[in-house]
Each structure stands twice: as C-alpha cells, then as structure tokens.
Amino acid sequence: MPERFTETMRAASEPVWSHAVQHRFVNELFAGAVPDTVMARYLIQDHRFLDSFLVLLGAVLASADTFAARLRFGRFIGTVSAEENTYFLPAFEALGVTETRRAADPDTQPTIGFKAIMREAADTRSYAAALSVLVVAEWLYLDWASRAPQPLPNNFVHAEWITLHDNPNFRGFVDFLRTELDRVGPAHADLCRDFISRAVALELSFFEAAYTT
C-alpha cells in the first residue's frame with residue numbers, strides 16, 4: 001500500500017517538523033512551566049493570525065470541490081470564530097495582558113511570515129495550496145499536543161491550549177484535512193511541497209520567537 005501523500009509531505013519537511021513538535025516551548029507547556037512572559041508573547045502573536053486564518057479558511061471553503069467539504073469548513077470557521085472568547089480572552093486576563101499591550105506589541109518576523117503565507121495560499125485560488133498550509137497549521141499542532149503526558153498542567157492557560165489541539169473534534173478535523181489533501185495533492189505535488197516546507201519552517205520559528213524579546 002503506498003504511503004499517504006500527507007505522510008510523504010511531512011517526511012519531506014524533516015528534520016524541521018520534529019524540531020517543532022519537540023520544541024522547548026512544547027516541553028515546558030506539558031510541564032506547566034512556560035514563563036508567563038513567554039506565554040503572553042506567544043499568545044499575543046498567535047491571536048494575530050485569526051484574521052489571516054479566516055481568509056485562508058474562506059479560500060479553502062470557496063475552492064473545495066465537494067459540498068460535503070464546504071459544509072465541514074463552514075462548521076470549523078464557526079468554531080474558530082468563537083475561540084477568542086472561550087480561550088484567548090480569559091488567558092490574556094489571567095496573564096495580565098491588557099488590550100493596549102495586545103495592540104502595541106509589534107508582529108514578530110514569523111507572525112509576518114505566517115500572515116503572508118496564509119494570504120498567499122488563499123490568493124492562489126488553489127484548493128491544494130490552501131489545504132497545504134492548513135494541514136501544517138492543524139496537524140503539526142495535533143502532533144505535539146497528542147504527546148502530552150497526563151495529567152495536564154493545573155494552569156488552564158497551559159492545559160486548555162493543549163486540549164484545544166488534542167480532542168476528538170480536532171482529531172477528526174485533522175483527519176478530514178489530511179484525507180482531502182491525500183486526494184487532491186498528488187496532482188499538485190510541487191506546489192504542495194513548497195507551501196508545506198515553508199509553513200513548517202514558520203511553525204518552528206514561531207516557537208523560537210516566543211523566547212526572544
């Protein structure tokens with residue numbers, strides 16, 4: 001049985017993928033040991049993606065070639081749009097991050113890069129290209145979150161960030177994304193490989209940036 005296209009693409013991104021999912025940030029998160037200053041920097045930057053992420057999701061929905069897929073993306077867009085109130089705002093409050101600080105902190109280079117690649121993929125109007133960036137953004141997070149030892153940290157800021165990226169609904173969505181890319185990706189392999197390798201590199205540099213002031 002031939003290897004799944006998404007597995008081949010992930011393997012092609014090594015060793016960067018493994019460096020990301022085993023990053024210091026991930027290990028400290030599992031231990032509940034991420035310093036508040038680092039977690040605040042990380043979440044401020046991560047929250048900046050929401051607008052570009054919705055652009056990417058809209059492009060995936062618009063370029064999907066089946067009604068079933070469009071329905072699935074529509075439901076996910078609703079979930080993502082609600083996450084700000086259920087996780088980010090309480091987390092910012094717990095970390096003492098004011099709205100002024102959230103607005104004032106400049107984008108890091110990885111944040112600028114992520115916003116750009118999401119919009120670049122959306123602008124291609126290619127389902128395979130947009131899926132490639134989305135698969136990295138979601139699957140890489142499931143990969144590290146699924147490695148979390150039990151019990152999870154006591155601090156909800158750490159524990160819920162893990163749970164958001166490893167729960168039955170999220171696992172099901174990642175499997176759906178991979179299945180879709182397995183189906184449409186092989187006809188656009190070079191395009192997919194390019195977007196995936198750049199997105200994985202950005203994931204690693206995003207973790208790194210949380211530790212640099």
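Looking at the structure I just gave you, is R75 at pLDDT below 95 and either touching a strand residue (DSSP E or B) at 6+ places or on another chain (Cβ under 8 Å) or farther than 19 Å from V174 by Cβ (or both)?
Spelling it out, it is not the case that R75 is at pLDDT below 95 and either touching a strand residue (DSSP E or B) at 6+ places or on another chain (Cβ under 8 Å) or farther than 19 Å from V174 by Cβ (or both).
Filter region 45-58 for residues that are under 13 Å from F76 (Cβ atoms) and touching a residue at least 40 places away in the same chain (Cβ under 8 Å) and give the result.
The answer is F53, L56, L57, G58.
Applying the selection to region 165-183, what residues are part of a helix (DSSP H, G or I) and either in contact with a Gly (Cβ under 8 Å, 6 or more places away or on another chain) or crowded, with 19+ Cβ neighbours inside 10 Å (or both)? Walk me through it before giving the result.
Going through region 165-183, the residues part of a helix (DSSP H, G or I) turn out to be 168-183.
Correct list: F170, F173, V174, L177, R178, E180, L181.
Select from region 1-29 the residues that are farther than 30 Å from A91 by Cα, of a type outside the set (F, W, Y) and part of a helix (DSSP H, G or I) and list them in ascending order.
T6, E7, T8, M9, R10, A11, A12
When region 160-178 is examined, which residues are found to be free of Cβ contacts under 8 Å to residues at least 40 places away in the same chain and not polar (S, T, N, Q)?
Passing the criteria: H165, D166, P168, F170, R171, G172, V174, D175.
Might you let me know whether region 98-116 holds any residue that is basic (K, R) and open to solvent by less than 60 Å² (accessible area, probe 1.4 Å)? Outline the logic, then answer.
Here is the first cut: in region 98-116, the residues basic (K, R) are 101-102, 115.
Filter again for open to solvent by less than 60 Å² (accessible area, probe 1.4 Å), leaving 102, 115.
Yes, region 98-116 contains a residue that is basic (K, R) and open to solvent by less than 60 Å² (accessible area, probe 1.4 Å).
In region 24-44, how many residues are under 20 Å from I77 (Cα atoms) and either open to solvent by 10 Å² or more (accessible area, probe 1.4 Å) or of a type in the set (V, I, T) (or both)?
We begin by selecting, within region 24-44, every residue under 20 Å from I77 (Cα atoms); these are 43.
Going one step further and asking which of them are either open to solvent by 10 Å² or more (accessible area, probe 1.4 Å) or of a type in the set (V, I, T) (or both), we end up with none.
Residues that pass the stated criteria total 0.
So which of R70, R10 is closer than 26 Å to A122 by Cβ, more than 17 Å from the chain's Cα centre (by Cα) and open to solvent by 20 Å² or more (accessible area, probe 1.4 Å)?
So the residue among R70, R10 that is closer than 26 Å to A122 by Cβ, more than 17 Å from the chain's Cα centre (by Cα) and open to solvent by 20 Å² or more (accessible area, probe 1.4 Å) is R70.
Scan region 87-138 for residues that are among the polar types (S, T, N, Q), outside any helix (DSSP H, G or I) and either out of contact with any Leu (no Cβ under 9 Å at 6 or more places or on another chain) or more than 15 Å from G58 (Cα to Cα) (or both) and jot them down. Step through it out loud before you land on a result.
Within region 87-138, the first condition is being among the polar types (S, T, N, Q), and the residues that meet it are 98, 100, 108-109, 111, 124, 126, 132.
Then keep just the ones that are outside any helix (DSSP H, G or I); that gives 98, 108, 124, 126.
Of everything in region 87-138, those that are among the polar types (S, T, N, Q), outside any helix (DSSP H, G or I) and either out of contact with any Leu (no Cβ under 9 Å at 6 or more places or on another chain) or more than 15 Å from G58 (Cα to Cα) (or both) turn out to be T98, T108.
Which one of these does R119 not meet: (1) crowded, with 20+ Cβ neighbours inside 10 Å; (2) within 16 Å of the chain's Cα centre (by Cα)?
(1)
Take the conditions basic (K, R), in a helix (DSSP H, G or I) and more than 27 Å from T8 (Cα to Cα) and apply them to R75. Does it pass? Steps first, answer last, please.
On the way: basic (K, R): yes; in a helix (DSSP H, G or I): yes; more than 27 Å from T8 (Cα to Cα): yes.
Criteria met by R75.
Looking at (1) of a type outside the set (D, E, K, R); (2) on the phi > 0 side of the Ramachandran plot; (3) not in a loop (DSSP other than H, G, I, E, B), can you tell me which one G32 breaks?
(3)
How many residues does region 78-94 hold that are modelled with pLDDT of 95 or more and surrounded by 12 or more Cβ atoms within 10 Å (Cβ to Cβ)?
Number satisfying all stated conditions: 4.
The values are calculated or read from the model by the stated rules, or taken from the named source; none is laboratory data. Fair warning: this is a prediction, and the values are worked out from it, not measured in the lab. Note that each Cβ is placed from the backbone with ideal geometry, even for glycine, and that neighbours are counted across all protein chains shown. When the accessible area is computed, the model is the full protein with side chains, heavy atoms only, and any ligands, DNA or RNA have been set aside. Shrake-Rupley method; radii C 1.70, N 1.55, O 1.52, S 1.80 Å.
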